[in-house]
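The values are calculated or read from the model by the stated rules, or taken from the named source; none is laboratory data. Since the structure is predicted, the reported quantities are computational estimates derived from the model, not experimental observations. Note that each Cβ is placed from the backbone with ideal geometry, even for glycine, and that neighbours are counted across all protein chains shown.
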Amino acid sequence: MIDLPSAHGWLTLLGQLGVPALVAAGVTFLLNRRLERLRGRRELNTRVFDSARDNIRDLARLTSAYWSHDRSPADPEDETKILMIESDVRVDVAAVLEFALPEAKDEIESAIDDLIEAGTGGDYQSIDRKADIGRVRRIAGAAARLRGALLKARRNLIEKRVT
Amino acid sequence: MSEAARSVMGGEGAILLARDFSPYPAGRYRKDGPYSGEAFRDDLLWPRLADGHRVLLNIDGVAGLPSSFWEEVFGGLVRRHNLTPDAVRKRISVLTTDKALEPFARLAFKFAEEAQQK
């Protein structure tokens, strides 16, 4: 027959096993919560980077098409679309700059400035606008540079610190 | 934002582009529309600069600033009104609390520099 511990024995057992178990549960809970937050932040960062890169591609596509022909009746509609997507790109890039490492900042800022200038500069919105193939090339270059800078910033962020 | 900062951003002595001109600036020249860069520069900005005032230009609230419009404002001050890029930088402050509009604060003075070089 097994001897069951007395009431005092149960209390001693609880003191020896229960407290460490409670501490372990508490630590596990806190660690999980921390990991969940880090995972959430990383997912958010990834979404912001991906959104920025997608919007940059769309902006480059729209502005390149716009500058590939002379003024047309479709221009006002295209100009509205361009300004809307440009606004999205600016918001995305501002969000990226919030959490990108400081060394990534100059390259990203320089590239977005070039993209904005190439996309909506010159005779943009002019009533006698002409096609500008040189501008189309600059748009492609600036967009590629900005997408590359974002990719590099993302990679550096992952490699240099846990997001 | 503090009262003092609010006063600087949109108070007396400041131009609030969206309020005082248009939230939808568009086009380079007057022929391109009523809210062109040429119209803003010559009707609103230059008269204050010509009077010797320093201008605080707040761009908060605009839907966007097409570079054709923005270049005509700042590049045009150099081309049409013979200001040096340095004078443009000293006499105009471009302000925004919106991080998404910060590229335009940088581009303003870049356009003045480039107009000088051309």
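Go through segment A:91-105 residue by residue and tally those that are in contact (Cβ under 8 Å) with a residue 24 or more places away in the chain and surrounded by 14 or more Cβ atoms within 10 Å (Cβ to Cβ). Count: 7. The set of residues in segment B:31-54 being under 9 Å from the mean Cα position of the chain (by Cα) and not aromatic (Phe, Trp, Tyr) consists of B:GLY37, B:ARG41, B:LEU45. The numbered conditions (1) assigned to a loop (DSSP other than H, G, I, E, B); (2) closer than 18 Å to A:ASP92 by Cβ; (3) of a type outside the set (Lys, Arg) are all true for A:ILE139 except (1). Contact annotation: residue pairs with Cβ atoms under 9 Å, 6 or more positions apart or on different chains, pairing a residue in segment A:39-51 that is part of a helix (DSSP H, G or I) with a partner that is basic (Lys, Arg), are A:ASN45/A:ARG154; A:THR46/A:ARG154; A:PHE49/A:ARG154.
Residues that are touching a Lys or Arg at 6+ places or on another chain (Cβ under 9 Å), modelled with pLDDT under 95 and not charged (D, E, K, R): does segment A:31-47 have at least one?
Going residue by residue through segment A:31-47, those that are touching a Lys or Arg at 6+ places or on another chain (Cβ under 9 Å) are A:45-46.
Add one more test, that the residue is modelled with pLDDT under 95, and what stays is A:45-46.
Narrowing further to those that are not charged (D, E, K, R): A:45-46.
Checking segment A:31-47: at least one residue is touching a Lys or Arg at 6+ places or on another chain (Cβ under 9 Å), modelled with pLDDT under 95 and not charged (D, E, K, R).
Do we have any residue at all in segment A:100-119 that's touching a helix residue (DSSP H, G or I) at 6+ places or on another chain (Cβ under 9 Å), on the phi < 0 side of the Ramachandran plot, in a helix (DSSP H, G or I) and modelled with pLDDT under 90? Yes, because at least one residue in segment A:100-119 is touching a helix residue (DSSP H, G or I) at 6+ places or on another chain (Cβ under 9 Å), on the phi < 0 side of the Ramachandran plot, in a helix (DSSP H, G or I) and modelled with pLDDT under 90.
Quick grid of which residues meet (1) surrounded by 12 or more Cβ atoms within 10 Å (Cβ to Cβ); (2) touching a Leu at 6+ places or on another chain (Cβ under 6 Å):
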{"site": "A:ALA7", "(1), (2)": "no, no"}
{"site": "A:GLN16", "(1), (2)": "no, no"}
{"site": "A:VAL19", "(1), (2)": "no, no"}
{"site": "A:PHE29", "(1), (2)": "no, no"}
{"site": "A:LEU62", "(1), (2)": "yes, no"}
{"site": "A:ILE82", "(1), (2)": "yes, yes"}
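Any residue that is under 25 Å from the mean Cα position of the chain (by Cα) and surrounded by 11 or more Cβ atoms within 10 Å (Cβ to Cβ) - is there at least one of those in segment A:68-80? Yes, the conditions are met somewhere in segment A:68-80. Residues satisfying the criterion are present in segment A:81-93 (criterion: more than 10 Å from chain B (Cβ to nearest Cβ) and farther than 15 Å from A:ALA143 by Cβ). Taking the conditions exactly as written (under 23 Å from B:TRP70 (Cα atoms) and at pLDDT below 95), does A:ASP88 satisfy them or not? It is false that A:ASP88 is under 23 Å from B:TRP70 (Cα atoms) and at pLDDT below 95.
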